[in-house]
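The values are calculated or read from the model by the stated rules, or taken from the named source; none is laboratory data. Worth saying up front: this structure is predicted, and the values here are computed from it rather than measured. Using ideal geometry, Cβ is built from the backbone for each residue, glycine included, and neighbour counts are taken over all protein chains shown.
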Amino acid sequence: MAQKFYIIDFDSTFITSESLDILAKISLKNSPEKIAQIEQITRDGMVGNIGFRESLQKRLALMSFGEAEIGKTLKILKKLITPSILRNKKFFKANPESIYIISGGFEELILPIVAPFGIKPAHVLANKFIFNKEGKVIGFDTQRPTSKAQGKAFAVASLALQDEVLIVGDGFTDLEVKKLNQGSARSYRTGQKDVIPSEHRERRNPDSIKIATLLPAGRQVARNDTFYKFIAFTENVRRESIIKEADLVVNDFDELLFLNKAPSSVSYPKSRMKVLLLENIESTAVENFKKEGYQVKALKSALGEEDLIVEIKNTMILGIRSKSKVSKNVLKNARLLKAIGTFSIGTDQVDLGSALDFGIPIFNAPYQNTRSVVELAIGEMIVLMRGVFDKSNKAHAKIWDKSAKNSNEIRGKTLGIIGYGNIGSQLSVLAESLGMQVLFYDKVEKLALGNAVKAVSMDEVLKKSDVISVHVSGDRELNTNLIGDKEFSKMKEGVVFLNLARGFIVDIKALVRALKSGKIRGAGVDVFPEEPKSKDEPFISELSGLPNVILTPHIGGSTEEAQRNIAQFVSGKLIDFMNTGDTDLSVNFPNITLPKQGNAHRLLHIHSNVPGVMSQINKVFSDHDINILGQYLKTNDKVGYLITDVNRKYDEKVLEELKEVKSTINFRVLY
C-alpha cells in the first residue's frame with residue numbers, strides 16, 4: 001500500500017505567525033522601525049522577491065538576542081499554534097513516521113513547540129543558531145540546507161521519500177519544494193544533466209543548489225513513481241500568487257485530512273460549513289465562529305422570506321435577532337441547516353414546531369440581556385413619573401417649566417408586573433430596593449422574591465398599581481392583544497404603563513385612546529406590532545407625537561454589555577451542539593448534555609418518537625459487530641434524540657443503513 005508523507009511548513013502554517021518576527025518584536029521592542037523592516041523582508045522572501053539566504057541574513061543583521069529572548073519567544077509561540085493543527089493533535093501523535101516539519105526558521109524555536117505532538121527531532125528540517133559563550137546568537141549554521149536558496153527543496157530531496165509527498169505551506173519556498181523535487185525526479189528519470197527544469201531556472205540565485213548533485217553518495221532523488229503535491233494552507237495567510245500555482249487549496253488542517261481521507265478530529269471540516277448571521281449580531285459571535293474554522297457571512301439587516309430562502313440554502317448554522325422570521329417555508333428550503341440561534345430572549349420569530357419536525361434545535365439567550373431591559377424599565381418609570389420627557393422637550397423649545405405638578409417619586413408607589421419570568425422577577429428586586437411595593441401576576445406558579453406579593457389575577461394588578469410593566473412571553477396565541485380597551489379601563493387614573501416585551505401584546509389603538517383620555521399619564525413603549533427591518537425603513541406609529549410617551553426602537557436589550565453576553569452565550573451553545581451534540585437549554589429539542597468522547601466515533605440520530613426505532617438502530621450496530629461505548633436517548637412528544645458512541649471505525653454501509661431506519665428525521669456523523 002502506498003505511503004503518504006506530510007511535509008508541513010512551520011511558520012504561518014503550524015503556528016499562526018512567523019516565529020522570527022515574534023523574536024524580533026521581543027528583542028527589538030524599542031525599535032519599531034527595525035521591526036517593520038524585518039516584517040517587510042519576511043514578506044519579500046515569502047513571495048520570492050528576494051533569495052532566502054539574503055532574507056535570513058538581512059533579518060538577523062538587524063537583531064541582537066540570545067537565550068533569554070528565545071525563551072520569551074517560545075512562551076508566546078506555544079499560544080500561537082494554529083487552531084486546526086491543535087484540534088488534530090491526535091493525528092500527529094498517531095503518525096510520527098509520516099510527518100515532517102520544514103522551516104527556514106530555527107530549530108531552537110521549533111522543537112519545543114512540535115515535541116508535544118509526537119514529532120521526532122530528526123523529522124524537523126530547519127536552521128540552527130550559533131551561540132557564543134555568553135549565550136548570545138552570533139550567526140547561523142550555513143551548512144544546513146535550509147539556510148540556502150531552494151534549501152527546503154534540497155532538504156526534502158535528501159529524505160528520498162517514496163510514494164506520495166504532500167507539501168503543506170503558504171509561501172514561495174514551500175511551493176518551490178514541489179516544483180524542484182518533482183522536476184528533479186523527472187530529470188533524474190530521463191538522465192538530463194541539469195536537475196532544475198528550464199521553466200524554473202529564472203528563479204535560481206548564485207547560491208542555488210543542484211539537488212541531484214548534492215545528494216549524499218548513493219542516494220537517489222526519488223523513486224520513479226514518487227508524486228509531489230503542493231497544498232496551499234490558507235487558515236492563517238492567504239497569498240494569491242501562491243494559491244494559483246497550488247495543486248490543492250485548503251482552509252484548515254481538518255479540510256486537508258478530509259480531502260485525503262485521513263482520520264480527523266471532525267467528520268466534516270468546519271471550513272466547509274457556512275454560518276449566516278443576520279441583523280448586525282455583535283462581533284463576538286463572528287469571532288467565535290471564525291475561531292472554530294467556520295465560513296461566516298454577517299449581514300447588518302434582517303431578510304424577507306424570499307431573500308432568506310436564497311441565502312439559507314447552503315447554510316448550516318443560522319443566527320438571527322428579533323426581526324427575521326423563520327417560517328416553515330424557509331425551513332423547507334434549508335436542506336443543510338443543523339441549528340438556529342436567536343440572539344435574543346424571544347424565539348417567537350421562529351416556527352419552533354416546524355424546526356422540530358425538520359430536526360433543527362433552536363437556542364436562545366434566556367438571561368443575558370435581562371439586566372439591560374430591567375434598567376431601561378426603571379429609567380423610564382422614573383422619567384415618566386417625573387414628567388421629565390415633556391419638560392426636556394419644552395426646555396429644548398426655550399420654555400422654562402419648573403412646575404412640580406404631576407411630578408412624583410416612585411418611592412412608595414405600587415409597581416404591577418405582568419409576567420414574572422427572568423426579567424419580571426429581576427425588575428421586582430430592583431424596584432423594591434428603590435422603595436416600591438411590588439405586586440405581580442403570572443399564569444405559572446412563581447416564587448415571589450423579596451417582599452413582592454403575588455396577585456390572584458391580572459385584574460388585581462391592573463386595579464391596584466401606579467405603574468404597570470408587561471413582561472409576558474412571546475407566545476402569540478396566548479398573548480396577542482393581552483392588553484386592550486377592557487384592561488386599560490380597569491387601571492387607576494393617571495397610571496404609567498410600560499411595554500418592553502412584544503409589540504403584539506398591546507392593542508396600540510386602545511393605548512392611544514387611553515393616553516388621549518388621560519387614563520394613562522405616560523407610557524414607555526419599546527416594541528411594536530410592525531417594526532422596520534433596517535434603519536433605512538421609516539418608523540410609523542400612531543403613538544408618535546403624543547405627550548409624555550417614550551418611544552424607543554426595540555433597544556431593551558441593546559446595550560454593549562448585553563449584546564456581547566448574548567453573542568458569547570448563543571454562539572457558544574451552537575458551537576457546543578456542533579462539536580458534541582449537546583442540546584442543553586434548546587427551547588424546542590430534548591435537552592441532553594454530553595462530554596466529548598475521546599476514543600470513539602459519535603453518531604447523532606434524530607427520529608420521530610414512535611415505537612421500534614431504537615431496536616432498528618441497535619440491530620444495525622449488531623449486524624455489523626459494532627460495540628457501543630455509550631448511548632444516550634432523550635425524547636419529547638414528537639421526536640427522539642439519540643447519541644451513540646462506538647469504538648470502531650464505521651463504514652459507509654453502516655451510515656446508509658442508519659439513515660434508512662424508519663422514521664429517521666436527521667442523521668449526522670459528529671466525529
Checking the conditions here, which among A365, A339 is buried (at least 21 other Cβ atoms within 10 Å of the Cβ), in contact (Cβ under 8 Å) with a residue 60 or more places away in the chain, out of contact with any Asp or Glu (no Cβ under 9 Å at 6 or more places or on another chain) and more than 19 Å from Y641 (Cβ to Cβ)? A365
Hey, does the stretch 351-359 have a residue that's assigned by TED's automatic domain parsing to the domain that holds V549, out of contact with any helix residue (DSSP H, G or I) (no Cβ under 9 Å at 6 or more places or on another chain) and under 30 Å from S327 (Cα atoms)? no
In the stretch 377-399, what residues are in a helix (DSSP H, G or I), touching a strand residue (DSSP E or B) at 6+ places or on another chain (Cβ under 8 Å) and modelled with pLDDT of 90 or more? A377, E380, M381, V383, L384, M385
So F539 ticks every box in (1) among the hydrophobic types (A, V, I, L, M, F, W, C); (2) assigned to a helix (DSSP H, G or I); (3) surrounded by fewer than 21 Cβ atoms within 10 Å (Cβ to Cβ) but one. Which box is left unticked? (2)
Is it the case, given these coordinates, that K152 is crowded, with 23+ Cβ neighbours inside 10 Å and either within 19 Å of E18 (Cβ to Cβ) or over 39 Å from the mean Cα position of the chain (by Cα) (or both)? yes
Helices (runs of 4 or more DSSP H) wholly in the stretch 21-137 with at least 1 residues that are assigned by TED's automatic domain parsing to the domain that holds V165 and β-branched (V, I, T) - which ones? 83-87, 107-114
Candidate set from the stretch 294-315 (those that are assigned to a helix (DSSP H, G or I) and not aliphatic (A, V, I, L, M)); member that is farthest from E531 (Cα to Cα): E311
Would a scan of the stretch 102-114 turn up a residue that is touching a strand residue (DSSP E or B) at 6+ places or on another chain (Cβ under 6 Å) and charged (D, E, K, R)? yes
Subset of the stretch 458-480 (residues that are over 17 Å from Q349 (Cα atoms) and surrounded by fewer than 19 Cβ atoms within 10 Å (Cβ to Cβ)): D459, E460, K463, K464
Among the residues of the stretch 216-237, which ones are over 19 Å from K152 (Cα atoms), charged (D, E, K, R) and either part of a strand (DSSP E or B) or modelled with pLDDT of 90 or more (or both)? E235
Any chance the stretch 503-518 includes a residue that's at pLDDT 95 or above, in contact with a strand residue (DSSP E or B) (Cβ under 6 Å, 6 or more places away or on another chain) and surrounded by fewer than 19 Cβ atoms within 10 Å (Cβ to Cβ)? no
For the stretch 478-492, check the following and say yes or no: at least one residue is of a type in the set (F, W, Y) and either under 27 Å from V275 (Cβ atoms) or in a loop (DSSP other than H, G, I, E, B) (or both). no
Is it the case that some residue within the stretch 1-8 is modelled with pLDDT under 95, of a type in the set (D, E, K, R) and out of contact with any helix residue (DSSP H, G or I) (no Cβ under 9 Å at 6 or more places or on another chain)? yes
Restricting to the stretch 111-128, count the residues that are more than 19 Å from K178 (Cβ to Cβ) and either touching a residue at least 24 places away in the same chain (Cβ under 8 Å) or surrounded by 22 or more Cβ atoms within 10 Å (Cβ to Cβ) (or both). 10
Exactly one of Q40, Q57 is surrounded by fewer than 20 Cβ atoms within 10 Å (Cβ to Cβ) and more than 33 Å from the chain's Cα centre (by Cα), and that one is Q57
Given (1) within 20 Å of E375 (Cβ to Cβ); (2) surrounded by fewer than 18 Cβ atoms within 10 Å (Cβ to Cβ), index of the condition V453 fails: (1)
Check on I312, β-branched (V, I, T), touching a residue at least 12 places away in the same chain (Cβ under 8 Å) and under 28 Å from D254 (Cβ atoms): yes
